[in-house]
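What follows is a short report on a single structure.
The values are calculated or read from the model by the stated rules, or taken from the named source; none is laboratory data. Here the structure is a predicted model, which is why all the values come from computation and not from measurement. Cβ coordinates were reconstructed from backbone atoms using ideal geometry, including for glycine residues, and neighbour counts include every protein chain displayed.
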Ligand SMILES: Nc1ncnc2c1ncn2[C@@H]1O[C@H](COP(=O)(O)OP(=O)(O)OP(=O)(O)O)[C@@H](O)[C@H]1O
Ligand SMILES: [Mg+2]
């Protein structure tokens, strides 16, 4: 496999019991790419991330990450950060921000061992990166939704991963907070050269910041450069609705209307 291809799927199909959820999916994700995954509820987005992580197994086809079957990853697992859609964290639990971020290092530290200097440094670096250093000693219950989200990302970054998978990270945020979150994510991507895979419902954001977009609805309806993928009838196929693409300078801005008649591209 080409060294630059970090994640590669070939005719990948995934089912729960006998229900096919992903069908015949083929793609490559290259180092440094910012991949946006769009699709309606139940289209298989979370399942795709779980399959990349080896948490869900394919029924046919193949998936590789770092050139290996995800289910057989060893230490390479530490090179992948994952921010799940529904984080299993009790925000009422009296624990400080920096302890939550340190939890992200547990696999590296080992069971029953104390965190070493390099672990604490990685925690500090992750908090600095997501700009929550000033919140380090705050109890997690006393944070806003946006701050919590950053803590969860810092927790994933504490392992200093090369790939970061984010599943609907702005679901709990209002429009303005989501907008600034994505601006920050974009800036971080530019700075760190991380490979990002972002699942989002926000077509506008996805088309603005990502380098490639994948439209999922059990099958991979389309994938490629956002302006091209989103210009045709992809959204209609995906959501069963009409989409209009307006050019705002170099920045495509998507407006989706529920009408069934033909779309317009301005
Ligand atoms: N553990 C499971 N067992 C059985 N079926 C499941 C399981 N997880 C998901 N599914 C089903 O698989 C399909 C895809 O689910 P998935 O969570 O991947 O969708 P999604 O695109 O992430 O949706 P959403 O936008 O709502 O998060 C859905 O029909 C869902 O009901
Ligand atoms: Mg999901």
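See the values below:
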read-out	value
Selected residue (criterion: surrounded by the fewest Cβ atoms within 10 Å (Cβ to Cβ)) from residues of the range 30-62 that are farther than 20 Å from residue 4 by Cα and more than 15 Å from ligand 2 (Cβ to nearest atom)	60
Filtered residues of the range 206-237 (kept if within 16 Å of ligand 1 (Cβ to nearest atom) and under 13 Å from the mean Cα position of the chain (by Cα))	206, 213, 214
Candidates 251, 205 - the one that is at pLDDT below 90, touching a helix residue (DSSP H, G or I) at 6+ places or on another chain (Cβ under 9 Å) and either surrounded by fewer than 21 Cβ atoms within 10 Å (Cβ to Cβ) or closer than 20 Å to residue 31 by Cα (or both)	251
Boolean, residue 110 is modelled with pLDDT under 90 and either within 19 Å of residue 163 (Cβ to Cβ) or touching a strand residue (DSSP E or B) at 6+ places or on another chain (Cβ under 9 Å) (or both)	no
Subset of the range 156-178 (residues that are in a loop (DSSP other than H, G, I, E, B), within 16 Å of ligand 2 (Cβ to nearest atom) and crowded, with 20+ Cβ neighbours inside 10 Å)	169, 170
Test for residue 171: is it within 13 Å of the chain's Cα centre (by Cα) and within 28 Å of residue 79 (Cβ to Cβ)	yes
